[in-house]
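Notes for the one structure printed next.
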Amino acid sequence: MPELPVFPPTVSPEAKPFWDATAEGKILLPKCNDCGTVIWYPRTTCPECMSSDVSWFEASGRGTIYSFAVVRRNGGPWRDALPYVLAYVELEEGPRILTNIVDTIDLECGQSVEAVFADTGEGNALVRFKTV
Ligand SMILES: [Zn+2]
């Protein structure tokens, strides 16, 4: 598989703990201390109960493919990475995140994956996944 381009993210203050953790190869997720909702994307208020009592915990880095598409045509910096996979991975903790699968295009929904981290060179990393 060709290497995927790595673009540094725009880091909002609300998501800074998430991005800082990626530099250490960890996924931190926010969780509501009032209703237990695991929150994605990172924000300071629970979208379920509007509580602002939110704290961070370390996720396992494991999940399953919820949905995916194999991209076979694209321009710009992605051209050299074709074909590549754009996927929604459902983390063990619940949230579904938009990401890439880096090791194969031969995939099925429900397949197990684990996180890998693509260093951006700017103090954080993009969270992508590989099959297990
Ligand atoms: Zn809540």
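Data for the structure
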read-out: Residue list for the range 43-63, restricted to those being modelled with pLDDT of 95 or more and part of a loop (DSSP other than H, G, I, E, B); value: 45, 46, 47, 48, 49, 50, 51, 52, 53, 59, 60, 61
read-out: Residue check for residue 7: in contact (Cβ under 8 Å) with a residue 40 or more places away in the chain and assigned to a strand (DSSP E or B); value: no
read-out: Some residue of the range 45-64 being away from the ligand (no atom under 16 Å from the Cβ), within 18 Å of residue 101 (Cβ to Cβ), surrounded by fewer than 14 Cβ atoms within 10 Å (Cβ to Cβ) and not β-branched (Val, Ile, Thr); value: yes
read-out: Residue in the range 72-130 that is surrounded by the fewest Cβ atoms within 10 Å (Cβ to Cβ), counting only those that are hydrophobic (A, V, I, L, M, F, W, C) and assigned to a helix (DSSP H, G or I); value: 78
read-out: Lone qualifier among 36, 75, 25 - being within 23 Å of residue 4 (Cα to Cα) and modelled with pLDDT of 95 or more; value: 25
read-out: Residue check for residue 68: within 16 Å of the ligand (Cβ to nearest atom), modelled with pLDDT of 95 or more, among the hydrophobic types (A, V, I, L, M, F, W, C) and assigned to a strand (DSSP E or B); value: no
read-out: Counted residues, the range 12-37 - those being surrounded by 15 or more Cβ atoms within 10 Å (Cβ to Cβ) and near the ligand (Cβ under 10 Å from one of its atoms); value: 3
read-out: Every pair of residues 6+ apart whose Cβ atoms lie under 8 Å, when the first sits in the range 44-71 and is in contact (Cβ under 8 Å) with a residue 40 or more places away in the chain while the second is among the basic types (Lys, Arg) and more than 16 Å from the ligand (Cβ to nearest atom); value: 61/26; 66/96
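The values are calculated or read from the model by the stated rules, or taken from the named source; none is laboratory data. Everything numeric here is computed off the predicted structure, so don't read it as measured data. FYI the Cβ positions are ideal-geometry reconstructions off the backbone, even for glycines, and counts take in every protein chain you see.
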